[in-house]
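Everything on this sheet refers to the single structure shown next.
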Amino acid sequence: VDRWIEAHVTSIPPSAPFLEDAKGLLLIAGSDDPLLDRLLSLYRKQYPEVIVLRSRAGSSEGMLALRRGLCHIACVHLPHPDGGFSTDHVAEVFGPNVAAVTFANRRQGLLLPPGNPHRLSTLQEAVASDLRWVLREPGTGTRALFESELDRLGNDPAPILRNAMMVDTHLEASLAVYRGESDVGIGIEAVARLIGLDFLPLQEERFDFVIQQQTFFTGSVQNLLSLLGTPEFADLAAQLGGYDTTASGRIITS
């Protein structure tokens, strides 16, 4: 797992641990998610004295940033080859000195033009068709999910990857499909709804906050975690759609 993370990371500098003494600062790195954007807006309103900085670097870079002491929270949704999400990787990379806290469950699937003009009903149909794909960059959980699903179906990803458009965020992927630059993509339901795309669900995944033991109880981190169980957070998720917040705030491993 360490080698996989290192191979997919390009922008994280060497270790510079300083977070235990960083007052009034919250650093978040990892996966892209619109509900997280809205949660951080709520957090800034309630705690305006805290500076919040966020990097949408993908799950693998978020994990590496956390390991090097460069962020308080890594946002992770990496599928494990043996099944499950995040915590399997967390245990292998960090051992027992971290906590994984459920942010939310969310639906990933195919992003399709309005009206689904290619009449797709399965991932296998999409792969077998001569379509233009838009995909997330290597190192993101969404890209890992796509490749694991192709492997499960017995498909070689190379032909798709050779010609696919690569983007950094779910919004960029959805806009590429909406504008007709791509015929199909993979992303989350919430962004498909925002853009007005058709959406074909593939899998529900758990999106986690991964936090090192030495910073877990800092005020900036605990204040963010406390918002996960609030009616305000549940309302934000319901407005977007495509999320299940039943387990939000639950500690999965520590």
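The values are calculated or read from the model by the stated rules, or taken from the named source; none is laboratory data. Keep in mind the model is a prediction, meaning the values are calculated, not measured. A quick note on method: Cβ atoms are made from the backbone with ideal geometry, for glycine too, and the neighbour counts reach across all protein chains shown.
Output yes when any residue across segment 62-76 is among the aliphatic types (A, V, I, L, M) and within 22 Å of L194 (Cα to Cα), and no when none is. No - not one qualifying residue is present in segment 62-76.
Here the condition is being modelled with pLDDT under 95 and among the acidic types (D, E); of D208, D198, D183, it holds for D208 alone. Taken over segment 113-147, the criterion of being among the acidic types (D, E) and in contact (Cβ under 8 Å) with a residue 40 or more places away in the chain is satisfied by E137 alone.
Checked against the criteria, S174 counts as within 21 Å of the chain's Cα centre (by Cα) and outside the structural domain of S31 (by TED's automatic domain parsing). Just checking, does segment 209-218 include any residue being touching a residue at least 12 places away in the same chain (Cβ under 8 Å), under 28 Å from L70 (Cα atoms) and of a type in the set (F, W, Y)? Yes, segment 209-218 contains at least one residue that is touching a residue at least 12 places away in the same chain (Cβ under 8 Å), under 28 Å from L70 (Cα atoms) and of a type in the set (F, W, Y).
Kindly indicate whether G58 is out of contact with any His (no Cβ under 9 Å at 6 or more places or on another chain) and modelled with pLDDT under 95. Judged against the criteria, G58 is not a match.
Scanning segment 30-50 for residues that are in contact with a strand residue (DSSP E or B) (Cβ under 7 Å, 6 or more places away or on another chain) and part of a helix (DSSP H, G or I) returns L35, L36, L40, Y43, R44. From the list L175, L145, L131, L171, the lone residue that is in a helix (DSSP H, G or I) and surrounded by fewer than 19 Cβ atoms within 10 Å (Cβ to Cβ) is L171.
Flag set for Q239, criterion: closer than 26 Å to H170 by Cα, assigned to a helix (DSSP H, G or I), among the polar types (S, T, N, Q) and in the same structural domain as I73 (by TED's automatic domain parsing). Looking only at residues in segment 9-29 that are part of a loop (DSSP other than H, G, I, E, B) and hydrophobic (A, V, I, L, M, F, W, C), the one that is modelled with the highest pLDDT is A22.
Could you say which residue among V184, V191 is buried (at least 18 other Cβ atoms within 10 Å of the Cβ), in contact with a helix residue (DSSP H, G or I) (Cβ under 9 Å, 6 or more places away or on another chain), over 19 Å from P34 (Cα atoms) and not polar (S, T, N, Q)? Criteria check complete, one pass: V184. When the residues of segment 214-251 are filtered to those that are farther than 19 Å from S41 by Cα and within 17 Å of the chain's Cα centre (by Cα), the one that is surrounded by the most Cβ atoms within 10 Å (Cβ to Cβ) is G242. When segment 93-121 is filtered for residues that are at pLDDT below 95, loosely packed, with under 13 Cβ neighbours inside 10 Å and either over 26 Å from T215 (Cα atoms) or in contact with a helix residue (DSSP H, G or I) (Cβ under 8 Å, 6 or more places away or on another chain) (or both), only N97 remains.
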